[in-house]
Amino acid sequence: MSGPASSSPPAVSVHGLERAFKGGIKAVDGLDLEVREGEVYGFLGPNGAGKTTTVRILVTLLKPTAGEARVAGFDVVSQADAVRRNIGVALQEAAIDPLMTGRELLRMQGALHGMKGAQARSRAEELLDRVGLTDAGGRRVGQYSGGMRRRLDLAMALVHRPKVLFLDEPTTGLDPTSRSALWREVRSLNDDGTTVFLTTQYLEEAEQLADRVGIIAGGSLVAEGTPAELKAHVGEPTLHVDLAPESDVAAARVALSAVGPLVDCQDDARVAIRAARGKATVPLAIRALDEAGIAVESVEVESPTLDDVFAAVTGSTLEGATQGASADQAEVPA
Amino acid sequence: MSTSTDSPAGRSGSRSGGTNSPAGGVAWAFWLRSLNEVTRVRGALIGTSIAPLVFLLGTSGQFGRLVGLPGFPTDSYLSWIIPLCCLQGAGFAGAAAGANLARDIEQGWFDRLLVAPVARPLLVLGPVLGAITRSMVPVTLVLIVGVLIGGEVTGGVLGIVALYVASAGFCTVAAMWAIAIAVHFRTQQAGPLMQMSVFLGVFLSTAYTPQPLLKGWLEDVARVNPVSHILELARQSTVSGIDLSLAHTWPGLVALAALVAVFGALAMIGLRRMGR
């Protein structure tokens, strides 16, 4: 990740944003957030939280009913054309004309952004190469796989080299390989200086890609920070030690209590302690148990996940949480 | 995926806002795409071409003897009906532009166009240009078949020009009406409303008989129906009793201009409301 340029104006700034629909339902309700230039901002929330409505406002597809939003320094309502010129958008479903070829679509996208024929053709080839679709560029998109369509969708969003890239759940429905490929490309884009506003339901995606994460629930931002900050807010990691059969559990508890505060554990053959230093606690714990003559079967450091953060701030869990990595496990021979 | 550099330094211009993309390039891109609807969809032109041809043959057979009525301006009912069938074909091609747009809205493609720095009228103009192009196929086919089976081209080259102007204009009107419906309802389920409007517009005009031979409410409706004037413009091509003249030309042109203005405005209003 390229890291934010702190002196630059925000790439996205939102203040008191509201969007009410018929019947007075507020999909976005007093949202405030800022995305710094050059960062990947993960916008996390379950279905119906207001993510997509927010994105649709930011990309000028929907007008807010109250509040203000600026993208790349331009107001999304009064300077919508300027916003459009500076953003790239890949919306939730890769809406691509199946009758056109990938190459034609990229050229057309170039024309929509004011490129002349030769320039659009050259850019199309460049982007096909970038997303690994050069060979498939002459095929109609209706014959593409889901992953190929997503990659083409991303390429189309990049045709005019946007300052801010909006990706709305870009990997929903993709297989792990396609998802990894897309993540690599997003990282690469960000390394090149593109600000990325990424909405996702997947915790792993937010953890992998985002410099900072904002959690939205009920149309408002309920937590914001780096993934590490958010997780630290919930609590410290826990070190779980599975003892070898016949081991003295009481002695193990005494030995480990010198390394960190004990944590209640349901399993009789397991001892847990707070691990403020994360994985660095593992050798200390192993040494303490070894000196006490206690055999160990396995050791696991469990860190709080963004799902824990989400549960802590909203009281509910997030769809897709199962995709998130929740533990760093190290098998230790007995 | 490869990871070629795409650095901010290489970005086109300072991107400080500025104007929309050039209209010509955008309209060209939309036009090219619209042609795919006929060049890449197998059999797409068959329906839109066969229907007016069948109508031409069927109607001329069924109502052929109407020319014997006093005051009928031609003795060839086929010549009377050719412009009507051309307009029908063009109208349905126009209505298809709305149905295609509704599909694009439903499938999310239209969002991609809306987030591009493109002048909003081009989002309407693009599908209209495509529809006009597509409409030329049934119009030409009807004219050729009509002439081959006995229709007369009494208006000469200028008459043919009038027929094509009327057809293209009617296609534009139908397309703008259909687009206005598409951006309002945003669903392909509104398709029948688009087609039905074209059918009614034509049916309640001097489609089958001249206005003096109509009776009752239909005569009144046909008199004020702008489609009657557009038909009169088109009929300068094949109906011997309707001379090629300014008097027969300008009412049709005014009717087309008025309808394009009204339905174009409706389409633009609907488009602006999409984000509200």
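The values are calculated or read from the model by the stated rules, or taken from the named source; none is laboratory data. On a predicted model such as this, the values are computed, not experimentally measured, just so you know. Positions of Cβ are backbone-derived with ideal geometry, glycine not excepted, and every protein chain shown enters the neighbour counts. Just so you know, the surface numbers come from the protein's heavy atoms only, side chains and all, with ligands and any DNA or RNA stripped out. Shrake-Rupley method; radii C 1.70, N 1.55, O 1.52, S 1.80 Å.
Looking at the stretch A:181-189, is at least one residue within 8 Å of chain B (Cβ to nearest Cβ), farther than 30 Å from A:Gly48 by Cβ and over 23 Å from the mean Cα position of the chain (by Cα)?
Checked against the condition, which is being within 8 Å of chain B (Cβ to nearest Cβ), farther than 30 Å from A:Gly48 by Cβ and over 23 Å from the mean Cα position of the chain (by Cα), the stretch A:181-189 yields no hits at all.
Take A:Thr194 and tell me if it is more than 14 Å from every other protein chain (Cβ to nearest Cβ) and among the β-branched types (Val, Ile, Thr).
Here the answer is no, as A:Thr194 does not meet what is asked.
Write out, first by first residue and then by second, each pair whose Cβ atoms fall under 6 Å of each other, whose residues are 6+ apart or on separate chains, and whose first residue, in the stretch B:98-123, is facing another protein chain (nearest Cβ under 7 Å) while the second is in a helix (DSSP H, G or I) and open to solvent by 20 Å² or more (accessible area, probe 1.4 Å).
Within 6 Å, the pairs are B:Val115/A:Arg84; B:Pro117/A:Asp81; B:Pro117/A:Arg84; B:Pro117/A:Arg85.
Please list, ordered by first then second residue, the pairs with beta carbon atoms under 6 Å, 6 or more apart or interchain, first in the stretch A:64-88 and on the phi > 0 side of the Ramachandran plot and at pLDDT 95 or above, second open to solvent by less than 40 Å² (accessible area, probe 1.4 Å) and in a strand (DSSP E or B).
A:Gly67/A:Gly16; A:Gly67/A:Leu17; A:Ala72/A:Val164
Would you tally the residues in the stretch A:75-103 being open to solvent by 30 Å² or more (accessible area, probe 1.4 Å), within 8 Å of chain B (Cβ to nearest Cβ) and not in a loop (DSSP other than H, G, I, E, B)?
Number satisfying all stated conditions: 2.
Residue check: is B:Gly58 free of Cβ contacts under 8 Å to residues at least 24 places away in the same chain and either open to solvent by 10 Å² or more (accessible area, probe 1.4 Å) or in a helix (DSSP H, G or I) (or both)? Please lay out each step first, then the result.
Numbers: free of Cβ contacts under 8 Å to residues at least 24 places away in the same chain: yes; either open to solvent by 10 Å² or more (accessible area, probe 1.4 Å) or in a helix (DSSP H, G or I) (or both): yes.
It is true that B:Gly58 is free of Cβ contacts under 8 Å to residues at least 24 places away in the same chain and either open to solvent by 10 Å² or more (accessible area, probe 1.4 Å) or in a helix (DSSP H, G or I) (or both).
With respect to B:Thr133, is the statement that it is part of a helix (DSSP H, G or I), open to solvent by 40 Å² or more (accessible area, probe 1.4 Å) and without any contact (Cβ under 8 Å) to a residue 40 or more places away in the chain true?
Numbers: part of a helix (DSSP H, G or I): yes; open to solvent by 40 Å² or more (accessible area, probe 1.4 Å): yes; without any contact (Cβ under 8 Å) to a residue 40 or more places away in the chain: no.
Answer is no for this residue.
Taking the stretch A:16-70, which residues are among the basic types (Lys, Arg), touching a strand residue (DSSP E or B) at 6+ places or on another chain (Cβ under 7 Å) and not in a strand (DSSP E or B)?
Selection gives A:Lys51 alone.
Looking only at strands (runs of 3 or more DSSP E) that fall completely inside the stretch A:178-274, which ones have 1 or more residues that are open to solvent by 30 Å² or more (accessible area, probe 1.4 Å) and hydroxyl-bearing (Ser, Thr, Tyr)? Show your work before the answer.
Working: elements: A:195-200, A:212-217, A:220-225, A:238-243, A:270-274.
Of the strands (runs of 3 or more DSSP E) lying wholly inside the stretch A:178-274, those with at least 1 residues that are open to solvent by 30 Å² or more (accessible area, probe 1.4 Å) and hydroxyl-bearing (Ser, Thr, Tyr) span A:220-225.
Which one of these is within 27 Å of B:Gly275 (Cβ to Cβ), more than 10 Å from chain B (Cβ to nearest Cβ) and buried (at least 23 other Cβ atoms within 10 Å of the Cβ): A:Ala69, A:Ala111?
None of the other options fit; the residue is A:Ala69.
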